[in-house]
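The values are calculated or read from the model by the stated rules, or taken from the named source; none is laboratory data. This is a predicted model, so every value here is computed, not measured. Cβ atoms come from the backbone with ideal geometry, glycine included; neighbour counts cover every protein chain shown. The protein model used for the area step is the full one, side chains on, heavy atoms only, and it has no ligands, DNA or RNA in it. Shrake-Rupley method; radii C 1.70, N 1.55, O 1.52, S 1.80 Å.
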Amino acid sequence: MTHAIHYGTAVFEGIRSYPRNERSVLFRLHDHIKRFFLSTKALSMKFSFTPKDLEKAILQTVRANGETDAYVRPFAFYGYGRIGPNPRGAKVHVAILVVPLKGYLGKAVIHVKTPPFRRIQAEALAQGTKISGSYFNAALSSMWAYQHGADEALMLDSEGYVAEGAAENLFLVKKGELITPKSSDILKGITRDTIMKISGDLGLSVREKRVTLRELYRADETFFTGTAVEIHSIGKINGRKIGTGKRGPVTEKIQSFYQTLVRGEIPKYRKWITPVSL
Ligand code: PMP
């Protein structure tokens with residue numbers, strides 16, 4: 001009778017913790033907490049924790065697990081309730097889990113395919129939230145891609161433009177410029193935002209625009225971004241090689257900058273880091 005199992009009435013976040021000097025550091029924790037509360041609000045979840053309480057609980061859980069290289073998932077769900085999609089009366093539960101995370105997508109350079117399922121359109125969802133029920137679309141797509149010999153799905157939006165991966169945003173590199181899909185049907189991820197904010201430090205300009213699959217096939221490089229995948233090179237899309245089909249120099253440059261950034265090694269961006277002493 002757990003309402004969330006039947007109707008997908010749960011919300012979640014994914015936060016990354018990294019090892020640094022015998023400690024853990026959490027990347028953009030406050031932005032994740034903000035999005036978590038946007039999601040719980042969208043589902044009218046009532047519970048007594050404030051964002052500060054959740055932050056404290058996350059730090060305690062990370063400390064208690066002693067795992068430095070990990071994925072941290074706070075989640076909230078409607079529990080025991082009545083039959084029917086409206087969860088009113090069901091209690092809201094909040095939990096936090098910490099799991100070690102290495103090599104989320106396996107290979108260093110991946111092959112992605114576009115499934116026949118379109119990304120659920122913005123108008124059908126609460127924008128900018130991570131509500132579990134909507135992830136059936138990502139699960140269907142990702143399974144389809146896997147069954148068709150690819151490593152992950154690349155989804156098109158409701159108008160047929162390139163949207164995003166199952167749980168990743170996308171960038172392409174063309175003539176030294178970074179381009180990322182402008183679509184209302186995507187989750188504008190925190191990693192995507194990070195890449196847009198640091199691009200200037202790497203001497204790259206970045207632009208949001210509608211992207212077609214044909215444009216993507218002609219890109220010099222493409223990569224996924226996300227808390228779990230970090231920056232992940234895409235070598236092939238629907239069986240077509242992108243650029244050389246190997247990890248390109250711009251992707252490599254962004255990857256290595258990102259790895260120092262998330263560990264708090266770049267003073268300018270230390271504001272994004274929350275250290276946890278173990
Ligand atoms: N799109 C979707 C659908 C996602 O689930 C995620 C993972 N949260 C992303 C993009 C990437 O977002 P972030 O960089 O905030 O992890």
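Placing +1 on the Cβ of every Lys and Arg and -1 on the Cβ of every Asp and Glu, with nothing else charged, gives segment 1-56 a dipole about its Cα centre of roughly 140 debye. So if the hydrodynamic radius of the chain is defined as the Kirkwood radius over C-alpha pairs, what does Stokes-Einstein give as its diffusion coefficient at 20 °C and 1.002 mPa s, in µm² per second? Estimated diffusion coefficient is 110 µm²/s. Residues 18, 135, 80, sorted by accessible area with the largest first, give 80, 135, 18 [1.4 Å probe; ligands and nucleic acids excluded]. Basic side chains Lys and Arg get +1 at the Cβ, acidic Asp and Glu get -1 at the Cβ, and with that the dipole of the chain about its Cα centre reaches some 240 debye. Need the C-alpha centroid separation for segment 1-35 versus segment 114-153, integer Å. Between the Cα centres of segment 1-35 and segment 114-153 lies a distance of 19 Å.
The value obtained for segment 134-259, namely the Cα convex hull volume divided by the number of residues, is 100 Å³ per residue. Along the axis of the charge dipole computed for segment 41-178 (Cβ charges of +1 for Lys and Arg, -1 for Asp and Glu, origin at the Cα centre), the listed residues 153, 143, 93 are led at the positive end by 93.
Only protein heavy atoms count here; under a 1.4 Å probe, residue 187 has an accessible surface of about 30 Å². Taking the centroid of alpha carbons for each part, segment 227-278 and segment 169-215 are 13 Å apart. Remark: the Cα gyration tensor places segment 90-139 in the oblate category, a/c being 1.5 or greater and a/b not exceeding b/c. Magnitude of the charge dipole for segment 165-278, about its Cα centre and with charges confined to Cβ atoms of Lys, Arg (+1) and Asp, Glu (-1), is about 280 debye.
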